[in-house]
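Heads up: the structure comes next, in structure tokens.
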Amino acid sequence: MPYAHITGWGMSIPQKVLTNDDLSKMVETSDQWIQEMTGIRERHIAGESDTSASLGADACFKALKMAGLTPDDVDLIICSTSSPEHIFPATACLIQDQLGASKAGAFDLSAACSGFIYALQTGSQSIKVGDAKVVLVIGAETLSRFVDWTDRNTCILFGDGAGAFVLQASEQPGGIQKGVIHSDGSGGDYLTIPAGGSAHPTSEATLHSGKHFIHMNGKEVFRFATRVLVQSTHEVLAKTGWKVEELKMIIPHQANKRIIDAAARGLNLPIEQFYINLDKYGNTSTASIPIAAVEAAKNKKINPGDKLVFVGFGAGLTWGALAVEWSGPINKPFEKHYITADWYKPWAMIRRIFKRILRMIDSFLFDR
Ligand code: UT7
């Protein structure tokens, strides 16, 4: 059975920065309160031309370039997002088009802030059963578009961004090991965007009552989070047969520094063993784990061969953890020396225009 290695990674963060001081001019809050209660200093907010797909595609190009692959090598694209561009088509399909990944299947996965754990597990299973050799797993969010900027309970938390991993098949042991995923829908109303789906379709009433914004019971989410981070880390370690002392680093969902502090106490580990960058990005939901991992790798906090746990929680309620042996580019047998992922950017755009023109000609001829 092949192993699923992480052989490339990339992230994409919008340029616009929103600081705590900026927020204190919009709602009754302060830099001090936000930092003390969450650890967040600032977050990045999508610009007009940024979307979940554009940020996701940018992260993918970087990840493919690192892996020494091109979009043509990709068999499957899984985009985890809670801020998709549309109910359908899937944001993963828009990313497929922007990449020009002509032979890839593509679908979205909705598991809120735990989504990247769910998506990595799903992607690695496709590789392990032999259905795919190269999988792109993306966490992409523009949740700022669903935030009520008058609600100080939620608007201080969220930021936008995307991260992507290339998963690649190899006979070499390593890569993504065991995973655990869980859900409890009885807590679904703790964190929700109530309207816009089939239960409460968009209407004047849903618009006036603010039901298209994020609604959250912060206290309950906090209590749930501190419990499941420790629980699922223990569970995945037991399943993998690793001891907590063997771990180089834990990469948790970046929601609140106090939640991560509580997990460190619960696992009896120093806080330095948790990668934390929520001070700069806020809670980027499903994108937070890949963004943290990409940064940790860039800062050499994690290196090939290191044993890691990725652990997340979120709306649903959902939670889960993955045990991972960090890899790096393997470049075989997919090595491409002449054409890099960068080269595909203009090519993908030409291809997009060309396919649309072909479709127009086709429908013109067919209609006649
Ligand atoms: O990916 C998962 C996403 N969600 C989460 O991770 C959320 C987890 N929960 C949390 O992070 C915390 O619940 C918050 C940081 C959101 C809030 O902390 P808390 O300890 O649960 O505070 P609270 O809502 O109980 O509010 C405490 C006080 C209240 O004032 P009073 O009633 O005691 O006078 C709030 O009105 O703090 C007030 N407050 C604020 N003050 C200044 C609430 N939000 C703010 C604010 N600035 N932004």
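Taken together, the values in this text are just the output of simple stated rules run on the coordinates, not laboratory data. Since we're looking at a predicted model, the values are computed, not measured. Positions of Cβ are generated from backbone atoms using ideal geometry, with glycine treated the same way; all protein chains shown enter the neighbour counts.
A few remarks follow.
- In segment 1-48, the trypsin sites (Lys or Arg not before Pro) that fall in loop regions by DSSP, at most 13 other Cβ within 10 Å: Lys25
- Value of relative contact order over the chain, rounded to a whole percent, pairs C-alpha under 8 Å and six or more apart: 26
- Coupling constants for segment 203-213 follow from the phi torsions by the Karplus curve (6.51 cos²θ - 1.76 cosθ + 1.60, θ = phi - 60°), and in residue order they are 8, 4, 5, 5, 5, 5, 8, x, 7, 8, 9 Hz; glycine and proline get x.
- Other residues lying with their Cβ under 14 Å from the Cβ of His86 contribute a combined charge of -2, Lys and Arg counting +1, Asp and Glu -1.
- Kyte-Doolittle at least -0.5, axis length at least 30 Å by Cα - qualifying DSSP helices, the chain: 218-240, 341-367
- Estimated from helices alone, the mean residue ellipticity of the chain at 222 nm is -11000 deg cm²/dmol (sum of -39500 (n - 2.57) over DSSP H runs with n ≥ 4, per residue).
- Whichever lysines have a C-alpha closer than 16 Å to that of Lys178, once near sequence neighbours (fewer than 8 apart) are set aside: Lys128, Lys239, Lys243, Lys307
- Cross-link partners of Lys355 among aspartates and glutamates (Cα-Cα below 12 Å; sequence separation of 8 or more within a chain): Asp97
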